[in-house]
Amino acid sequence: MTKYEEVFQKSLKQPEIFWAEAAEGISWYKKWDRVLDDDNPPFYRWFEGAEMNTCYNALDRHVENGRGDQSAIIYDSPVTDTIQIITYNQLRDKVAVFAGVLQAQGVVKGDTVIIYMPMIPEAAVAMLACARLGAIHSVVFGGFAAHELAIRVDHAQPKVIVTASGAIEGGKILAYKPLVDKALDMADHQPQKCIVFQRFFVTAELQEGRDLDWQQEVDRTAPVDCVPVKATDPLYILYTSGTTGMPKGVMRDNGGHAVALHWSMKNVYNVDAGDVFWSASDVGWVVGHSYIVYGPLLRGCTSVFYEGKPIGTPDPGAFWRVISQHGVKVLFTAPTAFRAIKKEDPDGQYCKKYDLSSFEALYLAGERLDPDTYHWAGDLLKCPVIDHWWQTETGWAIVANCRGIEQFSVKPGSPTKAVPGYDVRILDEHGKELGPNEEGNVVIKLPLPPGTLASLWRDDEKFIKSYMSNFQGYYETSDGGYIDEDGYVFVMGRMDDVINIAGHRLSTGAMEEVVSNHSDVAECAVFGTHDQLKGEIPVGLIVLKSGVNRDFEEVKKELVQMVREQIGPIACYRESALTARLPKTRSGKILRGTMRSIANGKEYRMPSTIDDPAILDEIKEVLSGMGLPK
Ligand code: COA
Ligand code: AMP
């Protein structure tokens, strides 16, 4: 048996022993009564009865163990020309004081706090301060529009919102506070306070009585200590796109999350305390939660906090500059970032200018890693390029080449094998298990390992309906794929209305809801099409109401604006085309999957339930007018 097989088999056959051993990496105020509470499937609870504090594990204990002077965060912001090193001592102090600020506003264990901030260390300070108090944070990505923020405010019902005056996105200054004000105008729920971190390049107006200045509050507040919480108490809610306009509030607990992330740093990424780890993502996404903030800090690593882009800040050498300047050992980003660099610097000239001797491996996730990008990155960096597959829901990798255990040879197009803890299977639509190389639904046999979603916030029913009901006893990932004869998993793409644009997860269903609200639109279908840079981008096919004979170009512009305003610029919705009708089943369901296949030049089967097959020819013509398939 190889080392990987040994570890993997133990994780599935003796999960309680396996995870109890991993839990030794975490400090507990009180150990668990049971490692796994499986009394109420599909709700599984890890480390039932245990008490701990995530912030204590991420900061205080490292200070107590002599790491106080080590860098915890290196904030590297080419857009503001700033480099700031924050040691574990300093970060612990900042977090303890900001926890005091929140506490002074009445935030206590179990309260929710929304954080809407750019990539500045204060975002991590706010997250960890919530964890310190046992409050539940919900970070909202800055690229989401006011309307999306309002939806999250109403659902999460925060006592406090923490934000910043603005961000610099590439070359543009974006003011965040007006978006927060607008969101609060739209929302029914009103937080008691809004704490604003003022940045030097844009000043937010503060609303008397509601808004507080971050620095003023910090200056007059004393630090507070960690509050013990149950391992099974929620740490955070992270909203992620589902198939409709209402995002899913993925809820993660404290104990299992700390154990899993701490374990994954060494076993999946092969980094340990003292190493410099860089996840070039954003705190608003799950990658940012797990691998900019919690994972590296729980393990005692140094985490690079990068406020910039792979290109344009200032050039396609930005990543290599950061790696060499800070001695980064492992970089984690999305394939899109590499495609962007490759487009601007195909021969990798910029890379040659830097000393990358500290660098050991590149990890990519968030979307399918196309073989071209895989080979280009490997040839350029001459290091292992590790594809790994996971989701907001799981919070850490499901399938990965676990270099900390044993490095496998790679089959391009596959993130390799299941990570210990995950029993990955392929089922057909009736729930029958499929054999090697047969494509179907990728599912995970329950229980999921620690650190994965405990439920959806305030919606156990939706949790069961979304993930646990189509295949009894399994978690449905909504990705399609297959496992080959050697156990390599191939993930082929989503089977639902979720798309990945530049590694960002968005819902075409949500875009469709916005587009169909246009007063001239009778009905529409929005689906993802292949894009060379961003992986996927959305297109909309629009049927106008009868009697509307406006210039369609005008309507198109309005649709773009509506999606930008209601979902956000990251939706990248630009392309719409006019069609007389949409293909439907006899019961009236729009055949989006079939149109998506046509648009992407994939083979498709004529659906037996189609109402009028001739419409597909019309759709082909419309798509070809849009240059699809590419
Ligand atoms: N706040 C506000 N707006 C944001 C934002 C944020 N945090 N992030 C992106 N946006 C805006 C951009 O300004 C842009 O707006 P525009 O249409 O007005 O120009 C829009 O959203 C689209 O942004 P993006 O998809 O980032 O496109 P880009 O052309 O600016 O950059 C890449 C292209 C490939 C460089 C960029 O997408 C990238 O770095 N991708 C990697 C993504 C990544 O790391 N994902 C993490 C998951 S692991
Ligand atoms: P998110 O929840 O934003 O992390 O997006 C999760 C989705 O991204 C998954 O369901 C996949 O469809 C896709 N994804 C993430 N990583 C990979 C990968 N390595 N290979 C293929 N698809 C991926």
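Miscellaneous remarks
- Within segment 243-269, the set of residues being part of a loop (DSSP other than H, G, I, E, B) and either surrounded by fewer than 21 Cβ atoms within 10 Å (Cβ to Cβ) or charged (D, E, K, R) (or both) comprises T243, T244, G245, M246.
- Here C226 clears all of (1) in contact with an Asp or Glu (Cβ under 9 Å, 6 or more places away or on another chain); (2) part of a strand (DSSP E or B); (3) more than 16 Å from ligand 2 (Cβ to nearest atom) except the condition numbered (2).
- Filtered residue count, segment 599-615, keeping only those that are closer than 20 Å to D497 by Cα, in a helix (DSSP H, G or I) and modelled with pLDDT under 95: 0
- Failed condition for Y474, given (1) under 26 Å from R425 (Cα atoms); (2) at pLDDT below 95: (2)
- Filtered by the rule that a residue be acidic (D, E) and surrounded by fewer than 13 Cβ atoms within 10 Å (Cβ to Cβ), segment 170-222 gives D185, D188, E205, E208, D219.
- Filtering segment 10-19 to residues that are among the polar types (S, T, N, Q) and touching a residue at least 24 places away in the same chain (Cβ under 8 Å) leaves only S11.
- Residue satisfying condition, being more than 11 Å from ligand 1 (Cβ to nearest atom), hydrophobic (A, V, I, L, M, F, W, C) and under 30 Å from L506 (Cα atoms), within set W285, W278: W278
- Looking at S324, S357, just one residue is among the hydroxyl-bearing types (S, T, Y), over 28 Å from D531 (Cβ atoms) and in a helix (DSSP H, G or I), and that residue is S324.
- Residues considered: V35, V7. Of these, the only one that is closer than 26 Å to D233 by Cβ and either touching a residue at least 60 places away in the same chain (Cβ under 8 Å) or out of contact with any Leu (no Cβ under 8 Å at 6 or more places or on another chain) (or both) is V35.
- Residue check, L369 in contact (Cβ under 8 Å) with a residue 40 or more places away in the chain, assigned to a loop (DSSP other than H, G, I, E, B) and out of contact with any helix residue (DSSP H, G or I) (no Cβ under 7 Å at 6 or more places or on another chain): no
- Count of segment 367-402 residues which are at pLDDT 95 or above, within 29 Å of G242 (Cα to Cα) and either surrounded by fewer than 18 Cβ atoms within 10 Å (Cβ to Cβ) or near ligand 2 (Cβ under 10 Å from one of its atoms) (or both): 14
- Pairs are defined by a Cβ separation below 9 Å, a sequence spacing of at least 6 or placement on different chains, a first member in segment 40-67 that is assigned by TED's automatic domain parsing to the domain that holds L133 and farther than 14 Å from A23 by Cα, and a second member that is in a helix (DSSP H, G or I) and of a type in the set (D, E); the pairs so defined are F43/D460.
- The strands (runs of 3 or more DSSP E) found entirely in segment 460-549 that carry 3 or more residues being among the β-branched types (V, I, T) and either closer than 19 Å to S241 by Cα or free of Cβ contacts under 8 Å to residues at least 12 places away in the same chain (or both) are 498-501.
The values are calculated or read from the model by the stated rules, or taken from the named source; none is laboratory data. Just so it is clear, the structure is predicted and the values come from calculations on it, not from any experiment. Using ideal geometry, Cβ is built from the backbone for each residue, glycine included, and neighbour counts are taken over all protein chains shown.
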